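Following: one structure in structure tokens, then a few remarks.
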Amino acid sequence: MPIKRAAYKELRKAKKRHFANIAARSELKTLTKTFESLLSNKKTDEAKKALSELVSKIDRAASKGVIKKNSVSRKISRLMKKLSSGPKT
């Protein structure tokens, strides 16, 4: 257990950040699933809009430090590749 007051405050901050990071990751997973479902339903126009929103959220998560930069670039690359290859039948 922490002894100093500042250490208690740091624990509170870490807990708050932890839940914010979990929420951000959860949102990214949800957006990814909606994008993939749009692709599988052959709704490419809606999928493009969903992808642009998803990419901006992923970039924001990277800038906040929720996800690492290289992981973000890999995810975005794979999502773009899925969109360009077209819907799977």
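Computed from the coordinates by the stated procedures, all read-outs in this text should not be read as laboratory data. All values derive from a computational prediction rather than experimental measurement. Reconstructed Cβ throughout: ideal geometry from the backbone, glycine too, with neighbour counts over all protein chains shown.
Could you list all residues from region 1-11 that are charged (D, E, K, R) and surrounded by 10 or more Cβ atoms within 10 Å (Cβ to Cβ)? Walk me through it before giving the result.
Step one: of region 1-11, the residues charged (D, E, K, R) are 4-5, 9-10.
Of everything in region 1-11, those that are charged (D, E, K, R) and surrounded by 10 or more Cβ atoms within 10 Å (Cβ to Cβ) turn out to be K9, E10.
Among the residues of region 50-89, how many are surrounded by fewer than 16 Cβ atoms within 10 Å (Cβ to Cβ) and among the hydrophobic types (A, V, I, L, M, F, W, C)?
Count: 1.
Determine the pairs where a residue that is in contact (Cβ under 8 Å) with a residue 40 or more places away in the chain, located within region 60-79, has a partner that is among the charged types (D, E, K, R) and in a helix (DSSP H, G or I) with Cβ atoms under 7 Å apart, the partner being 6 or more residues away or on another chain.
V66/R25
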